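Before any comments, here is the structure.
Read-outs throughout are calculated quantities, based only on the coordinates presented, and are distinct from any laboratory measurement. In this text, all values refer to a predicted model and were calculated from it rather than measured experimentally. We place every Cβ from the backbone using ideal geometry, glycine too, and count neighbours over all the protein chains shown.
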């Protein structure tokens, strides 16, 4: 089972601008980071002792979160982003517009490649990520990605 936390309340100052998330200034990154820090306290990490917490802003204003869950069969370990995406769909769906990931000491982490692809699948166009090198878009951290938008463009081109 993955550990996910959902807040029903919209955090003040966290909503993206009307035109969409085009800069980090429309997101209350401190509030989002606080939710991720709370989430990491629910991590199950008996092997690596490396808890990870994530939080994301959904296009309807919800804040969702997740934590990593390890398994003795290491390949079955779930990254925190897996819990986050599960939480997204268990609480109404939507698109992710802003995302942050923290380690057990509160430091920023960059999602692994697999998790970047997972986030891309569920992201609004231009989703923002707080990374170790500043605020980046999903397209910057996963250039030339293949995902739902690729399939839509293909269907339109071949229709």
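For residue 157 and residue 125, compute 0.36 nm times the residue count separating them, minus their Cα-Cα distance, and round to one decimal in nm. Spell out each step's value before the answer.
Values: separation 32, 0.36 × 32 = 11.52 nm, distance 1.97 nm.
So the chain would gain 9.5 nm between residue 157 and residue 125.
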* Structure fact -> Per the 1/(1 + (r/R0)^6) rule, R0 = 35 Å and r from the Cβ atoms of residue 112 and residue 149, FRET efficiency to 0.05 is 0.95
* **Cα-Cα separations in the stretch 6-158 greater than 26 Å, expressed as whole percent** => 22
